[in-house]
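Comments concern the structure below.
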Amino acid sequence: MCFELAKRLKKAPRQIAQEIQNALPAVPGIAKLEVAGAGYLNAYLDRGAFWEDAQSEAKQTRAPEGAPRKNDKIIVEHSSINPNKAAHIGHVRNAVLGDTMARTLRQAGHNVQVQNYIDNTGVQVADVVIGFLYMEKRTPVTVKTLAMEPRFDYYCWDLYAKATQFFAEDKERAAKLRGETLKAIEEGRGEEAEVGQVVADAVVSCHLRTMARLGIFYELLARESEILHLHFWDLAFAKLKELGVIQFVRYGKMAGCWIMPWKGEETSRINTEDTESTEGTETAEDENTQDKIIVRSNGTVTYVGKDIAYQLWKFGLLGKDFHYTKWPKAPEGEEVWATTSGKNDPGAPPFGAPAKMVYNVIDARQAYLQDVVAQGLRGLGHTEAADNSIHLSYEIVALTPRCAAEMGYELSPEEAKKPYVEVSGRKGFGVKADDLIDRLEAAALAEVQQRHAEMSAEEQKQTAHAIAVGALRFFLLKFTRNAIIAFDFADALSFEGETGPYCQYAVVRIRGIRRKGAEAGAARVALTAETAQRLLGGAEGNGLWEVLLAAGSLDYAVDAAIGAREPAFVAKYAFQLAQAFNNFYHKHHILSEADEQKRAFLLGLTELVEAQLVRALSLTGIDAPEKM
């Protein structure tokens, strides 16, 4: 500050620092100001005051589920899994990032609404419909019966891989079948539309059950079909044409398509295939060119076109609203709403209220598509909405060769030498989310049974579930969004190092201290402010201060996570606090401390760490069991 002022005041920075030091009155929470170097002004925190503030804050109810303190609306759209097969580990990273971001924003007082976009009229659903009707020769009735099976999403996983191979054998056949099926699904007619709805609705219910196992829930399922059937797209299409945001192509490979020219690129230079993917593709060069197509030559709308209409609705810029109904197969104890073309339920929450900011959690391979959506909003004159459309991108989740082998996949010698092995839903190669959770729970249960034979079977099961979820969520969060994750069971479940179980165990250890203290009947004297000030400033004060400062910095971590749009910061905070406590625990004999005042302080500091660590873990969706 003093160096900046020096340019304006024409004085030496150190002189300015000294003047500020002399003139500034006492600042609550600041013990002293000190001039340093060529003109720095250092402020020293009043450790005793910080202790009092941290204790007071920890006692307040500041849970994320409390009423919003800010008059805004933020939409966090995450998961958005194509409803054509089981969720896989990449989808879990998306959901964990989105869920943690929503929890963090709520902790900061924002009014957050969580949405899950259901692409039930897209190419991936059409591929599975073709698999049922043309490859397996099934009827809508037999598909409905099959859809009642609890692992219907697994069946579709295998069928989708077979359909992909089927299309690769004859591209002309693939284009014809896809075009006809997509058009029928979009128009809501025939067996294709009937089977498409059965498949999408059944798979969505499977996805909801899978995510509920991880403590992830949604308020609204925004279905793509309603963007078409309630004429959201028609209205957006008219506006895009009227303002010249999109153009009609009359010649070349894209003749008959409506496209959005990208950065001045001439339409004659665009080379594209009339297909799309909402999950990323193995051929990025095809993806980048095709994303510019808004309406295909056969009249069907691409994902990006429908997404522009959806984004306009989120910001209240479309002048229309969905109809809403309760999802009939929501996870137990949860209320989930969905858009519908049928009758509107008057009891639905005000989902159509305009948002001030929107976070779209979509993988990094879709960055181009998100840019196209933002360009569409800008072209319509909605610059602020485009600027507030946040693409919360992330890199892929792969497997270590060891993990892939454990899952039963055969690797070539070359793949076995790689640091990670990429997964592919189209090829059926990857880790289904439910399989992953099952494996983690089984491994955790074996450990719990060995350590705690005194527990009931139900307690062991609940503890194993908490450890498994903590391991998985923390493993996916501890890496920054731009890092490729190579998942490994052993690394995630480790009780040592930067893991979820390590953080959970710190809480368990603290609870053990309190439990032993209660069992011993240890008297707890009132701690005086003078004692806290003395201990924090004494010979071992710096060590105690480091633990206190870490425990009192949760709000800073929350603000940093929101400012940088990086949920990993919250996970990092939890680990660093657990680490600081474990170091503190090994240095101090808390319950056996002879000095009553010091023992009271150590216990108070321990309880503060517990409160803040539990709160931090809850922001990452992790519970700490009573025993581990």
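The values are calculated or read from the model by the stated rules, or taken from the named source; none is laboratory data. These numbers come from a predicted model, not from an experiment. For neighbour counting, all protein chains shown are included, and Cβ atoms are generated from backbone atoms with ideal geometry for every residue, glycine included. Remember, those area values only see protein heavy atoms, side chains included, never the ligands or the DNA or RNA. Shrake-Rupley method; radii C 1.70, N 1.55, O 1.52, S 1.80 Å.
Looking at residue 116, is it crowded, with 18+ Cβ neighbours inside 10 Å, touching a Gly at 6+ places or on another chain (Cβ under 8 Å) and among the polar types (S, T, N, Q)? Before the answer, list the steps.
Values: crowded, with 18+ Cβ neighbours inside 10 Å: yes; touching a Gly at 6+ places or on another chain (Cβ under 8 Å): no; among the polar types (S, T, N, Q): yes.
Judged against the criteria, residue 116 is not a match.
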Within the set of pairs 6+ apart or on separate chains, which have a first residue in the range 369-398 that is under 20 Å from residue 98 (Cα atoms), a second that is open to solvent by less than 10 Å² (accessible area, probe 1.4 Å) and of a type in the set (Phe, Trp, Tyr), and C-beta atoms under 6 Å apart?
390/359; 392/359; 397/487
For the range 287-340, the count of residues that are part of a loop (DSSP other than H, G, I, E, B) and within 24 Å of residue 178 (Cα to Cα) equals 8
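What tally of residues in the range 1-34 results from selecting those that are among the hydrophobic types (A, V, I, L, M, F, W, C), assigned to a loop (DSSP other than H, G, I, E, B) and modelled with pLDDT of 95 or more? Give the steps one after another, and end with the answer.
Kept after step one, since they are among the hydrophobic types (A, V, I, L, M, F, W, C), are these residues of the range 1-34: 1-3, 5-6, 9, 12, 16-17, 20, 23-24, 26-27, 30-31, 33.
Now narrow it down to the ones that are assigned to a loop (DSSP other than H, G, I, E, B): 1, 12, 24, 26-27.
Of the ones still in play, those that are also modelled with pLDDT of 95 or more are 12.
Count: 1.
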Looking only at the range 461-468, decide whether some residue is touching a His at 6+ places or on another chain (Cβ under 8 Å), open to solvent by 10 Å² or more (accessible area, probe 1.4 Å) and closer than 30 Å to residue 612 by Cβ.
yes
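So, in the range 507-537, of the ones that are open to solvent by 40 Å² or more (accessible area, probe 1.4 Å) and among the small types (Gly, Ala, Ser), which residue ends up nearest to the chain's Cα centre (by Cα)? Even if it seems obvious, please write down each step before you answer.
Taking the range 507-537 as the starting set, the residues that turn out to be open to solvent by 40 Å² or more (accessible area, probe 1.4 Å) are 509, 514-516, 518-530, 533-534, 537.
Imposing the further condition that a residue be among the small types (Gly, Ala, Ser) reduces the set to 518, 520-523, 526, 529, 537.
On the way: 518: 39, 520: 44, 521: 44, 522: 44, 523: 45, 526: 43, 529: 42, 537: 41 Å.
Ranking the qualifying residues of the range 507-537, first place goes to 518.
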Are there any pairs with C-beta distances below 7 angstrom linking a residue in the range 575-586 that is among the hydroxyl-bearing types (Ser, Thr, Tyr) to a residue that is modelled with pLDDT of 95 or more, with the two at least 6 apart or on different chains, and if so which?
585/509
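Looking only at residues that are among the aliphatic types (A, V, I, L, M) and touching an Asp or Glu at 6+ places or on another chain (Cβ under 7 Å) in the range 559-607, which one is nearest to residue 58 (Cα to Cα)? Reasoning before the result, please.
As a first pass, look at the range 559-607 and keep what is among the aliphatic types (A, V, I, L, M): 560-562, 564, 568, 570-571, 574, 577-578, 580, 590-591, 594, 600, 602-603, 605.
Those left that are additionally touching an Asp or Glu at 6+ places or on another chain (Cβ under 7 Å): 580, 602.
On the way: 580: 18, 602: 16 Å.
My answer is 602.
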Where a residue in the range 160-186 is within 26 Å of residue 87 (Cβ to Cβ) and open to solvent by 70 Å² or more (accessible area, probe 1.4 Å) and its partner, wherever it lies, is among the small types (Gly, Ala, Ser) and at pLDDT 95 or above, with Cβ under 6 Å and at least six apart
none
Is it true that some residue in the range 594-601 is small (Gly, Ala, Ser), at pLDDT 95 or above and not in a helix (DSSP H, G or I)?
no
Mind checking whether some residue in the range 124-142 is without any contact (Cβ under 8 Å) to a residue 12 or more places away in the chain, open to solvent by 30 Å² or more (accessible area, probe 1.4 Å) and of a type in the set (Val, Ile, Thr)?
yes
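Yes/no matrix, rows are residues, columns are (1) out of contact with any Phe, Trp or Tyr (no Cβ under 9 Å at 6 or more places or on another chain); (2) surrounded by fewer than 24 Cβ atoms within 10 Å (Cβ to Cβ); (3) not in a helix (DSSP H, G or I):
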position: 214; (1), (2), (3): yes, yes, yes
position: 217; (1), (2), (3): yes, yes, yes
position: 225; (1), (2), (3): yes, yes, no
position: 237; (1), (2), (3): no, yes, no
Name the pairs: first residue in the range 95-106 and open to solvent by 10 Å² or more (accessible area, probe 1.4 Å), second residue part of a helix (DSSP H, G or I), Cβ to Cβ under 8 Å, at least 6 apart or on different chains?
103/618; 103/619
Among the numbered conditions (1) outside any helix (DSSP H, G or I); (2) modelled with pLDDT of 95 or more, tell me where residue 462 comes up short.
(1)
Taking residue 110 as meeting all but one of (1) crowded, with 23+ Cβ neighbours inside 10 Å; (2) within 24 Å of the chain's Cα centre (by Cα), write down the number of the exception.
(1)
Tell me yes or no: at least one residue of the range 473-486 is open to solvent by 40 Å² or more (accessible area, probe 1.4 Å), assigned to a helix (DSSP H, G or I), touching a residue at least 12 places away in the same chain (Cβ under 8 Å) and among the aliphatic types (A, V, I, L, M).
no
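Do any helices (runs of 4 or more DSSP H) entirely within the range 35-145 hold 2 or more residues that are in contact with a strand residue (DSSP E or B) (Cβ under 7 Å, 6 or more places away or on another chain), and if so, which?
89-107
Give the range 373-424 a look and list any residue that's modelled with pLDDT of 95 or more, in a loop (DSSP other than H, G, I, E, B) and surrounded by fewer than 16 Cβ atoms within 10 Å (Cβ to Cβ), or say none. Reasoning before the result, please.
Here is the first cut: in the range 373-424, the ones modelled with pLDDT of 95 or more are 373-395.
Remaining after also requiring in a loop (DSSP other than H, G, I, E, B): 380-382, 388, 393-395.
Hit for the range 373-424 is 381, nothing else.
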